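Engineer: Quick one: this structure, given as structure tokens, is what I'll be asking you about.
The values are calculated or read from the model by the stated rules, or taken from the named source; none is laboratory data. Since this is a predicted model, take the numbers as computed values, not measurements. Methodologically, a virtual Cβ is constructed for each residue, glycine included, from the backbone with ideal geometry; neighbour enumeration extends over all protein chains shown.
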Amino acid sequence: MWQTACSAPHRFASFFNQRFVVILDEFQNLTQYVYPDPLYQARPHETLAGTYHSLAESKIAPMLVTGSYVGWLMRVIAKHLQAGQLEHFHLSPYLTPDEGLQAVFKYAEVSQQPLTNETAAQLIERVMLCRPLLYLLCHQESTRWERLNHDRGGN
């Protein structure tokens, strides 16, 4: 059953003639935190990461593997996936000023939030100093809450 599930992205991409991207965040955890039994009495599936070997080679459903423990992630990849299947590159969680500007206006557009140039400037400054998606989502939620509270006659 696992092989059927693991190969599903490639099979679906082929069937629908549509490319997929398979994103596996915290990939290194597959070797230590997935147990074969619900009581955690057996050892974890240390080789589970290796079952993604064929998917790592897919041209129509490629994998994007991420992890916050880079050293551990690289050891897992080296041990369980053939060398050269995955390309290593670093993505910064921080944005340049131009990227911050684009992100703020795109998130406002997608979430249908009004945005003034003054508000955008404040957001851009904050977005560039933190993880942008999380900050913008939190800001949008607080804006919605303020609007809802105001519409109900609150402060």
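Engineer: Being within 22 Å of the chain's Cα centre (by Cα) and β-branched (Val, Ile, Thr) is the filter here, so list the residues in the range 31-80 that pass it. Show your work before the answer.
Structural biologist: In the first step, residues of the range 31-80 are kept if they are within 22 Å of the chain's Cα centre (by Cα); the result is 31-34, 48-78, 80.
If the condition is that a residue be within 22 Å of the chain's Cα centre (by Cα) and β-branched (Val, Ile, Thr), then THR31, VAL34, THR51, ILE60, VAL65, THR66, VAL70, VAL76, ILE77 are the ones that fit.
Engineer: Can you name the residue in the range 21-64 that is loosely packed, with under 15 Cβ neighbours inside 10 Å and of a type in the set (A, V, I, L, M, F, W, C) and, of all such residues, is nearest to ALA8 (Cα to Cα)?
Structural biologist: VAL21
Engineer: Something else about it: Scan the range 60-69 and give yes if some residue there is at pLDDT 90 or above, outside any loop (DSSP other than H, G, I, E, B) and out of contact with any Cys (no Cβ under 9 Å at 6 or more places or on another chain), otherwise no.
Structural biologist: No; the residues of the range 60-69 include none that is at pLDDT 90 or above, outside any loop (DSSP other than H, G, I, E, B) and out of contact with any Cys (no Cβ under 9 Å at 6 or more places or on another chain).
Engineer: Considering only residues that are surrounded by fewer than 12 Cβ atoms within 10 Å (Cβ to Cβ) and in a helix (DSSP H, G or I), which ones fall in the range 3-20?
Structural biologist: Restricting attention to the range 3-20, the residues satisfying the condition of being surrounded by fewer than 12 Cβ atoms within 10 Å (Cβ to Cβ) are 3-5, 15-18.
Residues satisfying the conditions are GLN3, THR4, ALA5, PHE15, PHE16.
Engineer: May I pose another question? Looking only at residues in the range 71-98 that are surrounded by 10 or more Cβ atoms within 10 Å (Cβ to Cβ) and at pLDDT below 80, which one is farthest from VAL22 (Cα to Cα)?
Structural biologist: Across the range 71-98, the extreme among qualifying residues is PRO97.
Engineer: Please count how many residues of the range 28-54 are out of contact with any helix residue (DSSP H, G or I) (no Cβ under 6 Å at 6 or more places or on another chain) and part of a helix (DSSP H, G or I). First the steps, then the outcome.
Structural biologist: Start the filter on the range 28-54 by keeping residues that are out of contact with any helix residue (DSSP H, G or I) (no Cβ under 6 Å at 6 or more places or on another chain), which leaves 29, 32-33, 35-45, 47, 52-54.
After this cut, where a residue has to be part of a helix (DSSP H, G or I) as well, the list is 29, 52-54.
Here the count works out to 4.
Engineer: Only one residue in VAL22, VAL34 is on the phi < 0 side of the Ramachandran plot and in contact with a strand residue (DSSP E or B) (Cβ under 6 Å, 6 or more places away or on another chain). Which one? Talk me through it step by step, then tell me what you get.
Structural biologist: Numbers: VAL34 fails: in contact with a strand residue (DSSP E or B) (Cβ under 6 Å, 6 or more places away or on another chain).
The unique qualifying residue is VAL22.
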